[in-house]
Amino acid sequence: MKLTSALVERALSQFEAQAIPDNHPAIPELNELFGDHTFFLDRNGLNIVEPVEPPPAGAPAGKVVNLASWSDYAPPSLSPHEPEPTDIVVVLGFKQ
């Protein structure tokens, strides 16, 4: 799911991460590997936000999904794996 800048701000106010800017040199490769998404880095690795259906409490929401985890190597790197939904749900909109 590709998020607008306003939705990125809203998501980041609800979970601790950093959004990877769309102009980052890694974005084309990430899009090729995982599809067109807004990507986030946190202490667990590389994440995206996927829509939650039906939305909880009637407000549009997304579940944070981990796509790659940090390795234990020095320097750390990301190791891709099957998408793993997390317990983090972010509210992206307001109740209709």
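The values are calculated or read from the model by the stated rules, or taken from the named source; none is laboratory data. Values in this document were obtained by computation on a predicted structure and should not be read as measured data. As a convention, Cβ positions derive from the backbone with ideal geometry for all residues, glycine included, and neighbour counts pool all protein chains shown. Remember, those area values only see protein heavy atoms, side chains included, never the ligands or the DNA or RNA. Shrake-Rupley method; radii C 1.70, N 1.55, O 1.52, S 1.80 Å.
Can you work out which of the residues in segment 34-57 that are out of contact with any strand residue (DSSP E or B) (no Cβ under 7 Å at 6 or more places or on another chain) and not small (Gly, Ala, Ser) is least open to solvent (accessible area, probe 1.4 Å)?
Across segment 34-57, the extreme among qualifying residues is ASP42.
Any residue in segment 11-32 that is of a type in the set (Phe, Trp, Tyr) and at pLDDT 95 or above sitting within a Cβ distance under 9 Å of a residue that is loosely packed, with under 14 Cβ neighbours inside 10 Å and outside any helix (DSSP H, G or I)? List the pairs, counting only those 6 or more apart or interchain.
Here the result reads PHE15/THR86, each pair linking segment 11-32 to a residue that is loosely packed, with under 14 Cβ neighbours inside 10 Å and outside any helix (DSSP H, G or I).
Inside segment 61-91, can you point out the residues that are modelled with pLDDT under 90 and within 19 Å of LEU7 (Cα to Cα)?
Those that are modelled with pLDDT under 90 and within 19 Å of LEU7 (Cα to Cα): none in segment 61-91.
In segment 8-40, how many residues are in contact with a Phe, Trp or Tyr (Cβ under 9 Å, 6 or more places away or on another chain) and not polar (S, T, N, Q)?
Within segment 8-40, residues that are in contact with a Phe, Trp or Tyr (Cβ under 9 Å, 6 or more places away or on another chain) and not polar (S, T, N, Q) number 12.
Restricting attention to segment 68-88, does a residue exist that is on the phi < 0 side of the Ramachandran plot, in contact (Cβ under 8 Å) with a residue 60 or more places away in the chain and among the aromatic types (Phe, Trp, Tyr)?
No; the residues of segment 68-88 include none that is on the phi < 0 side of the Ramachandran plot, in contact (Cβ under 8 Å) with a residue 60 or more places away in the chain and among the aromatic types (Phe, Trp, Tyr).
With the checklist (1) out of contact with any Asp or Glu (no Cβ under 7 Å at 6 or more places or on another chain); (2) surrounded by fewer than 11 Cβ atoms within 10 Å (Cβ to Cβ) in hand, flag the one item SER71 doesn't pass.
With (1) out of contact with any Asp or Glu (no Cβ under 7 Å at 6 or more places or on another chain); (2) surrounded by fewer than 11 Cβ atoms within 10 Å (Cβ to Cβ) applied to SER71, the lone miss is (2).
Could you check ALA11 against (1) among the small types (Gly, Ala, Ser); (2) buried (at least 17 other Cβ atoms within 10 Å of the Cβ); (3) out of contact with any strand residue (DSSP E or B) (no Cβ under 9 Å at 6 or more places or on another chain) and say which number it fails?
(3)
Could you tell me how many of the residues in segment 58-67 are open to solvent by less than 50 Å² (accessible area, probe 1.4 Å), in contact (Cβ under 8 Å) with a residue 24 or more places away in the chain and in contact with a strand residue (DSSP E or B) (Cβ under 9 Å, 6 or more places away or on another chain)?
5
Hey, can you tell me all the residues within segment 14-33 that are farther than 16 Å from THR86 by Cβ, open to solvent by 50 Å² or more (accessible area, probe 1.4 Å) and not polar (S, T, N, Q)?
PRO21, ASP22, HIS24, PRO25, PRO28, GLU29, GLU32, LEU33
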